[in-house]
Amino acid sequence: MFRLLILLAALPIIIAFVVRWWFGMRILAEKGKLQCKCDIGRWEKAFGSENLPVSQVGDAVIYADFLRKSALVDWGARDPKAATSREGARRFGMAVPPLALMIAILAIIVGKIPIAGAIAIFLLAIAFSVIISYLSIATELKAILITSRRLRDTAVFHRRDDEDAVIEAATALAWKEAAPPVFNLIQR
């Protein structure tokens, strides 16, 4: 029975690794290192001084992180209920796998379940966290899209290629960060 549970849990985990790589890691590797030049004054007018880049020239991933943070702050002000829900899903993904691992280890020590059962519990917790995280990513991507329109309208970057790279990297960061932190140990 535990083998069946392990197989059922492995399917969403493997799919999440592929999705995270395809929509996140691959794009960050491709676009994230592109050197971009930004107008700090326009950035401050468009997004405020809270998430202000330090310099005018840097990697696209640096600006993408600031863009994503600005999008999340704006989204929190515009639709606090949805933003809180997404943050709750992210926290759930951070807390459930380690908690399940602790429970599984204690159950092994007490002798209530075999090692295969502990592995099944841990993998099921990860799979459940992955499903919750990726089902709620659409609202975050929508927030990034809205902020990206403002980025394009204010012409913060001098070149269109820089804008595109930053927007794609911000979206890729959302896909990368949506997975539970356990994935960071395996897939970098």
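Just so you know, all these numbers are worked out from the coordinates, no wet-lab data involved. Everything quoted here is computed from the prediction, not taken from an experiment. When we count neighbours, we look across all protein chains shown, and the Cβ atoms used for this are built from the backbone with ideal geometry, even at glycine.
Quick notes on this structure:
- Inverse of mean 1/r across different Cα pairs in the stretch 51-135, Kirkwood, Å: 15.6 Å
- Given charges at beta-carbon only (K, R positive; D, E negative), |dipole| of the stretch 89-173 in Debye: 300 debye
- Checking the Cα-Cα distances for K45/K69; K112/K176; K31/K176 against a 26 Å cut-off, the pairs over it are K112/K176.
- If you run the Gaussian network model on the chain, springs between alpha carbon atoms under 10 Å, then out of A107, A165, A118 the most flexible one is A107.
- Distance in nm between pseudo-label sites at L135 and R150 (7 Å out along the Cβ direction from Cα): 3.0 nm
- Rounded to whole Hz, the Karplus (6.51, -1.76, 1.60) HN-Hα couplings of the stretch 55-69, x for glycine and proline: 10, 7, 10, x, 5, 4, 5, 5, 5, 5, 5, 5, 5, 5, 4
- Added length on full extension, which subtracts the Cα-Cα distance from 0.36 nm per residue, D39 to I186: 49.2 nm
- Shape category assigned to the stretch 38-81 from the gyration tensor of Cα positions, a/c cut at 1.5: oblate
- Close amide H partners of Q56, meaning residues 5 or more places away or on another chain with modelled amide H under 5 Å apart, do not exist here.
- Expressed in Å, the radius of gyration and Dmax of the Cα atoms of the stretch 37-188 are 19.3, 64.
- The modelled label-to-label distance for the pair D164/K81, using points 7 Å beyond Cα in the direction of Cβ, is 3.9 nm.
- With the helix formula -39500 (n - 2.57) applied to DSSP H stretches of n ≥ 4, the chain reaches a computed 222 nm mean residue ellipticity of -26000 deg cm²/dmol.
- Extension gain, R91 back to F2 (0.36 nm per residue minus Cα-Cα distance, nm): 29.3 nm
- Those residues of the stretch 119-146 whose amide nitrogen sits under 18 Å from the label point placed on F17, 7 Å along Cα→Cβ: 119-131, 134
- Sequence-ordered 3J(HN,Hα) estimates for the stretch 116-132 from the Karplus curve with 6.51, -1.76 and 1.60 and θ = phi - 60° stand at 4, x, 5, 5, 5, 4, 4, 5, 5, 5, 5, 4, 5, 5, 5, 4, 4 Hz, glycine and proline given as x.
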